[in-house]
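Reviewing the structure listed below.
The values are calculated or read from the model by the stated rules, or taken from the named source; none is laboratory data. In this text the structure is predicted, and so the values were computed from the model without any measurement. Cβ sites come from the backbone with ideal geometry, for glycine too, and all protein chains shown count toward neighbours.
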Amino acid sequence: MQYKLFASIWPPKRFFHSILVLFAIFTLASGAGCARGKKAAEAPRSGKGEIVVTSKPEGAFVIFNGNPRGETYKLRPVEIKGVDYGRHSVRVEFPGYVGQVVEVDVRTKKTPIEIRLAKDGAGRLVVRSDPPGAEVFIGSRYYGKASPAIEVTDLAPGEYSMWLRLPGHGMERRNVIVERRRERRYMVVLEKAP
């Protein structure tokens, strides 16, 4: 009789229900902790890495975070060392092609990137200098002498900085605009040096 009475009150049904609920909560909480740990492991560590830039076509000009870094070649790519882990901007330009800006996420010691530039309808510039024979630079490239004029036909559309220099004269700078499949003419007068 005493045994039956004890069996009828122990263990209570609520006790099993409570244990089951606690077990479910513990399982979910430990699973969430594991997921957090996984995300923490995937997050980039602090440190420095290197970006190695190649391009097609070769010889493209690389600008990293606003600073010129050189030209890309297969045997000698542009290597940017000491880069902090995180996101950075790499801009690549080549005459006659549309320039590209690429966001690079540095997470390892070496991050290789290859940038393929697409050709677009190039514009045409005709530059004359007075007096004739001035050396013409557009962007960072030398295009020849304006004697009496020079034609530049391989520039992708956009705005460029143009420099003209001639011995015995002051250097002249102009911002020039290249339009897709259009010709623009510029006449630059060079003042005599004092």
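When Ile115 is tested against the conditions (1) over 28 Å from Arg69 (Cβ atoms); (2) at pLDDT below 95; (3) buried (at least 18 other Cβ atoms within 10 Å of the Cβ), the lone failure is (1). Between Glu71, Glu103, Glu50, the distinction of being surrounded by fewer than 16 Cβ atoms within 10 Å (Cβ to Cβ) and modelled with pLDDT of 90 or more belongs to Glu50 only. Beta carbons closer than 8 Å, at least 6 apart along the sequence or on distinct chains, pair a first residue in the stretch 46-70 that is over 19 Å from Val106 (Cα atoms) and free of Cβ contacts under 8 Å to residues at least 24 places away in the same chain with a second that is of a type in the set (Ser, Thr, Tyr) and part of a loop (DSSP other than H, G, I, E, B) for Glu58/Thr72; Glu58/Tyr73.
Identify the residue in the stretch 157-171 that is more than 31 Å from the chain's Cα centre (by Cα) and assigned to a strand (DSSP E or B) and, among all such residues, is nearest to Phe137 (Cα to Cα). Checking each candidate, the answer is Arg165. When residues in the stretch 172-187 are screened for being in a strand (DSSP E or B) and either within 15 Å of Pro131 (Cα to Cα) or charged (D, E, K, R) (or both), 8 of them pass. Restricting attention to the stretch 76-128, the residues that are under 15 Å from the mean Cα position of the chain (by Cα), of a type in the set (A, V, I, L, M, F, W, C) and part of a strand (DSSP E or B) add up to 11.
When you scan the stretch 167-183, do you find a residue that is exposed (fewer than 14 other Cβ atoms within 10 Å of the Cβ), in contact (Cβ under 8 Å) with a residue 40 or more places away in the chain and in contact with a Leu (Cβ under 9 Å, 6 or more places away or on another chain), even just one? Checking the stretch 167-183: at least one residue is exposed (fewer than 14 other Cβ atoms within 10 Å of the Cβ), in contact (Cβ under 8 Å) with a residue 40 or more places away in the chain and in contact with a Leu (Cβ under 9 Å, 6 or more places away or on another chain). For the stretch 54-71, what are the residues that are part of a strand (DSSP E or B) and under 17 Å from Val98 (Cβ atoms)? Within the stretch 54-71, Ser55, Lys56, Phe61, Val62, Ile63 qualify.
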